[in-house]
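Structure record follows, encoded as structure tokens.
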Amino acid sequence: MKHLLKMLDLSSEEIIDILNLADQLKYELKHEIPHTHLLKGKTLGMIFQKSSTRTRVSFETGMYQLGGYPLFLSSNDLQIGRGEPVQDTARVLSRYLDGIMIRTFEQKEVEDLAEYGSIPIINGLTDFCHPCQVLADLMTIREFKGSFDGLKMCFIGDGNNMANSLIVGCLKVGMTVSIACPDDYQPPKEILDFAAEYGDKFSMTNSPAQAAKGADVLITDVWASMGQEGEAEKRKKAFAGYQINDELMIQANEDAMVLHCLPAHREEEITEKVFEAHAKEIFEEAENRLHAQKAVMVKLMA
């Protein structure tokens, strides 16, 4: 593992290895066992072309706890935002930094950084995938359920970056996956082709109730992601009914957990009641961004 570009690049063994290290780092932090020696003297450049709460704070805090230095790089402050080719930026930053985390729009930009740079690249989010979030999700599922064996994950909503990474990640660790999304908002062919290799372990429908039957984990995301604000009203109509609510929870297993990558738009993709009933899982999931990303940084930069 040289980079974290997308879940498709990781083997099942690499995913479990990251999760095991994340569990260890979380244990050490809770028991005040220092691990600042792991990335002592290392510097992580963090390029943000999309704004963030959890990504920025968790990466900055994580680098500090590991003994390294996080360097915030806004696209407004970089030449990459003024037309410098990404391959030039990659080669320059590789001479200053020990790793780069980038949160941007196009997946190609992340892939180009990895191709032309000589240091580890971490995908903090693109329009195609969100591997850091899904590693935290998998960590949380295993934490609450004990293992992945026999579990079914159901995703309700847009076939977006979250759906893409969840499909891949959950299938690779052995879970059954069902998703419900409107016909015009399905995941891209690349993801569906991958899922097809798992046969009846994967199913897609436009019926949330059908997808949620027997689910152990229900996950959703906002209907309009960053950069899609102009489609908000159109999407509200398209996603009417694609909501995690009491009626849908009846279809899932009685002890089903609910996750949300946040921020949540209550009474759109999830009701206030269901969100608050599962706030323990959701905010543990948010915390686990810190631990999962620390594990990734140690694997790549130590």
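The values are calculated or read from the model by the stated rules, or taken from the named source; none is laboratory data. Small disclaimer: the values here were computed from a predicted structure and weren't measured. We place every Cβ from the backbone using ideal geometry, glycine too, and count neighbours over all the protein chains shown.
Has segment 196-211 got any residue that is out of contact with any Pro (no Cβ under 7 Å at 6 or more places or on another chain), under 20 Å from Glu269 (Cα atoms), surrounded by fewer than 23 Cβ atoms within 10 Å (Cβ to Cβ) and of a type in the set (A, V, I, L, M)?
As a first pass, look at segment 196-211 and keep what is out of contact with any Pro (no Cβ under 7 Å at 6 or more places or on another chain): 196-205, 207-211.
If we keep only those that are under 20 Å from Glu269 (Cα atoms) as well, we get 204-205, 207-211.
Pick out the ones that are also surrounded by fewer than 23 Cβ atoms within 10 Å (Cβ to Cβ) and you get 204-205, 207, 209-210.
Then drop every residue that is not of a type in the set (A, V, I, L, M), which leaves 204, 209.
Within segment 196-211, one or more residues are out of contact with any Pro (no Cβ under 7 Å at 6 or more places or on another chain), under 20 Å from Glu269 (Cα atoms), surrounded by fewer than 23 Cβ atoms within 10 Å (Cβ to Cβ) and of a type in the set (A, V, I, L, M).
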Give me the residue from segment 105-125 that is surrounded by fewer than 18 Cβ atoms within 10 Å (Cβ to Cβ) and part of a loop (DSSP other than H, G, I, E, B) and, out of that set, modelled with the highest pLDDT. Ser118
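Inspect all residues belonging to segment 179-188 and state whether any of them is out of contact with any strand residue (DSSP E or B) (no Cβ under 9 Å at 6 or more places or on another chain), among the hydroxyl-bearing types (Ser, Thr, Tyr), in the same structural domain as Ala232 (by TED's automatic domain parsing) and in a helix (DSSP H, G or I). Before the answer, list the steps.
Looking only at segment 179-188, we keep the residues that are out of contact with any strand residue (DSSP E or B) (no Cβ under 9 Å at 6 or more places or on another chain), and these are 182-185, 188.
Now restrict to residues that are among the hydroxyl-bearing types (Ser, Thr, Tyr): 185.
Within this subset, residues satisfying the condition of being in the same structural domain as Ala232 (by TED's automatic domain parsing) are 185.
Subset that is in a helix (DSSP H, G or I): 185.
Yes, segment 179-188 contains at least one residue that is out of contact with any strand residue (DSSP E or B) (no Cβ under 9 Å at 6 or more places or on another chain), among the hydroxyl-bearing types (Ser, Thr, Tyr), in the same structural domain as Ala232 (by TED's automatic domain parsing) and in a helix (DSSP H, G or I).
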Filter result (hydroxyl-bearing (Ser, Thr, Tyr) and touching a Ser or Thr at 6+ places or on another chain (Cβ under 7 Å)) within segment 158-204: Ser178, Ser203
Anything in segment 157-172 that is under 15 Å from the mean Cα position of the chain (by Cα) and not in a helix (DSSP H, G or I)? List them, or say none. Asp158, Gly159, Asn160
Among the numbered criteria (1) touching a residue at least 24 places away in the same chain (Cβ under 8 Å); (2) of a type in the set (S, T, N, Q); (3) more than 25 Å from Phe144 (Cα to Cα); (4) out of contact with any Lys or Arg (no Cβ under 9 Å at 6 or more places or on another chain), which one does Gln79 miss? (1)
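Yes/no matrix, rows are residues, columns are (1) touching a residue at least 24 places away in the same chain (Cβ under 8 Å); (2) part of a loop (DSSP other than H, G, I, E, B); (3) touching a Leu at 6+ places or on another chain (Cβ under 6 Å):
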site: Glu60; (1), (2), (3): no, no, no
site: Gly67; (1), (2), (3): yes, yes, yes
site: Pro70; (1), (2), (3): yes, no, yes
site: Arg95; (1), (2), (3): no, yes, no
site: Cys132; (1), (2), (3): yes, no, no
site: Ala136; (1), (2), (3): yes, no, no
site: Phe155; (1), (2), (3): yes, no, yes
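Just to be sure before I move on: is Thr55 more than 17 Å from Leu125 (Cα to Cα), in a helix (DSSP H, G or I) and not small (Gly, Ala, Ser) in the structure I sent? Before you say what the answer is, go through the steps one by one.
Values: more than 17 Å from Leu125 (Cα to Cα): no; in a helix (DSSP H, G or I): yes; not small (Gly, Ala, Ser): yes.
No.
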Of the residues in segment 14-61, those that are loosely packed, with under 14 Cβ neighbours inside 10 Å and more than 29 Å from Asp112 (Cβ to Cβ) come to Asn20, Tyr27, Lys30, His31, Glu32, Ile33, Pro34, Thr36, His37, Lys40
Scan segment 1-54 residue by residue and report those that are more than 15 Å from Leu290 (Cα to Cα), of a type in the set (Gly, Ala, Ser) and modelled with pLDDT under 95. Ser51
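Specify which of the listed residues (Ala215, Ala240) is farther than 20 Å from Ile141 by Cα and in a loop (DSSP other than H, G, I, E, B).
Details: Ala215 fails: farther than 20 Å from Ile141 by Cα.
Going through Ala215, Ala240 in turn, the sole match is Ala240.
Looking at Ala232, is it at pLDDT 95 or above, more than 20 Å from the chain's Cα centre (by Cα) and of a type outside the set (Val, Ile, Thr)? Before the answer, list the steps.
Working: at pLDDT 95 or above: no; more than 20 Å from the chain's Cα centre (by Cα): yes; of a type outside the set (Val, Ile, Thr): yes.
For Ala232, the condition - at pLDDT 95 or above, more than 20 Å from the chain's Cα centre (by Cα) and of a type outside the set (Val, Ile, Thr) - is not met.
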